[in-house]
Amino acid sequence: MKKVIFVLITLALLLVPIFADQKDKTHTPSAASVARGKYLVEKIGMCGDCHTPHNEKGEPVKEQWLKGAVLPFKPTVPMPVWADKSANIAGLPGWNHDAAIKFMMTGIAYNGLPARPPMPQFRYSQQDAQAIVAYLESLRPAK
């Protein structure tokens, strides 16, 4: 009987790290991480300037926050890869979690290509990239 209890306890101790690791794979960020991501998106990257439509007064349309927009400016010289529209980044539709983090760290998208101008190739730290992705994913519409 003691041997059975010992085996069960040993198994439990071995399985705890496995199940604890599963939590990380669900990408459940802390409130602090989401708040840091919001700060980075709004104040550092200033993503809303391009990724949010603006009204006739030049104010962001809050109901369309980070949902993509036609860019109100053009390059001064011809640029064949220029993006005339910005993507919807609220909820990161079409993005894999890890690919989005890599993009924020390297500027290289899931398709192996850099972002099209005028999108800068950001080089955020892993911690900041994870926070940005946590915030953007938090904007995903409720199911």
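The values are calculated or read from the model by the stated rules, or taken from the named source; none is laboratory data. Keep in mind that what you see is a predicted model, and the values were worked out from it rather than measured. Cβ: placed from backbone, ideal geometry, glycine included. Neighbour counts: every protein chain shown. Accessible surface areas use protein heavy atoms only, side chains included; no ligands, DNA or RNA. Shrake-Rupley method; radii C 1.70, N 1.55, O 1.52, S 1.80 Å.
Points worth noting:
- Scanning the range 109-133 for residues that are closer than 15 Å to Gly94 by Cα and either among the hydroxyl-bearing types (Ser, Thr, Tyr) or within 14 Å of the chain's Cα centre (by Cα) (or both) gives Ala109, Tyr110, Val133.
- Filtered residues of the range 51-107 (kept if open to solvent by 40 Å² or more (accessible area, probe 1.4 Å), touching a Ser or Thr at 6+ places or on another chain (Cβ under 9 Å) and within 17 Å of Pro117 (Cβ to Cβ)): Val70
- Ile132 vs. criteria closer than 25 Å to Ala32 by Cα, at pLDDT 95 or above and not in a loop (DSSP other than H, G, I, E, B): yes
- A single entry from Met79, Met46, Met104 fulfils the requirement of being in contact with a helix residue (DSSP H, G or I) (Cβ under 6 Å, 6 or more places away or on another chain) and either within 20 Å of Arg140 (Cα to Cα) or not in a helix (DSSP H, G or I) (or both): Met104.
- Look at (1) more than 20 Å from the chain's Cα centre (by Cα); (2) modelled with pLDDT of 95 or more; (3) of a type outside the set (Lys, Arg) and you find that Ala100 fails only one, number (1).
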